[in-house]
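Novice: Attaching a single structure in structure tokens format; questions to follow.
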Amino acid sequence: MSLIHVSNHGPVITSTDYFDSELARAGKIFCSVNGGAIRVLLPPAAYGVLNDMRAGKECVLSRGPWPAERIDEAVEILWDDSTDSPFVLHLTPESFDLLPAEPEPGREWICDVYVQKDGSPHRAVTRPCHWRRVSKIPCMEPWREAE
């Protein structure tokens, strides 16, 4: 897999070669972490899930082992829409430029979803994002029930 380049202005992606990459053409999601933001880069083949992501009022990022896939460290991002079947992504470390670490006490992440619009990265969804360590992925618990 080739390296994905992302240019930032704090938490905002100003440019990236992801949308022209083999990864995007293959329909693979890539996540970039910077400035307190988890930025999910969505390939054009997956734009159909945007409404599901927008339905979530907040995101919950769970980090832990994924025993069923024999992965020591994985990430689940859940868009909590207060239903029994929220939209969720289960991602391996290869899906990230940097695995999101626990934020400083009192600081929350944001989760932004980027698509390509007019040849540039466009922030299509922004939600507050809670971070937690879990005993295993999938977790699938909303934030309030996991406390």
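The values are calculated or read from the model by the stated rules, or taken from the named source; none is laboratory data. For clarity, every value in this text was computed on a predicted model and none was experimentally measured. With ideal geometry, Cβ positions are generated from the backbone for all residues, glycine too; neighbour counts draw on all protein chains shown.
Novice: Considering only region 116-145, how many residues are in contact with a Lys or Arg (Cβ under 9 Å, 6 or more places away or on another chain), closer than 20 Å to residue 54 by Cβ and at pLDDT below 95?
Specialist: Of the residues in that region, 1 qualify.
Residue-wise test of (1) crowded, with 20+ Cβ neighbours inside 10 Å; (2) of a type outside the set (Phe, Trp, Tyr).
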site: 110; (1), (2): no, yes
site: 114; (1), (2): yes, no
site: 121; (1), (2): yes, yes
site: 127; (1), (2): yes, yes
site: 133; (1), (2): no, yes
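Novice: If residue 82 satisfies every condition in (1) in contact with a Ser or Thr (Cβ under 9 Å, 6 or more places away or on another chain); (2) on the phi > 0 side of the Ramachandran plot; (3) of a type in the set (S, T, N, Q) but one, which is the exception?
Specialist: (1)
Novice: Sort out for me the strands (runs of 3 or more DSSP E) sitting completely within region 1-76 that have 2 or more residues that are exposed (fewer than 15 other Cβ atoms within 10 Å of the Cβ) and free of Cβ contacts under 8 Å to residues at least 60 places away in the same chain.
Specialist: Working: elements: 6-9, 12-16, 30-34, 37-41, 58-66.
Strands (runs of 3 or more DSSP E) meeting the threshold: 6-9.
Novice: Please enumerate the residues belonging to region 77-92 that are hydroxyl-bearing (Ser, Thr, Tyr) and either over 20 Å from residue 143 (Cβ atoms) or crowded, with 19+ Cβ neighbours inside 10 Å (or both).
Specialist: 92
Novice: Identify, from the list 47, 18, the residue that is aromatic (Phe, Trp, Tyr) and either at pLDDT below 95 or over 13 Å from residue 95 (Cβ atoms) (or both). It would help to see each step written out before you state the result.
Specialist: Numbers: 18 fails: either at pLDDT below 95 or over 13 Å from residue 95 (Cβ atoms) (or both).
Just a single option satisfies the conditions, and that option is 47.
Novice: Among the listed residues 17, 52, which satisfies the condition of being of a type in the set (Asp, Glu) and under 21 Å from residue 87 (Cβ atoms)? Walk me through it before giving the result.
Specialist: Numbers: 17 fails: under 21 Å from residue 87 (Cβ atoms).
Answer to the selection: 52.
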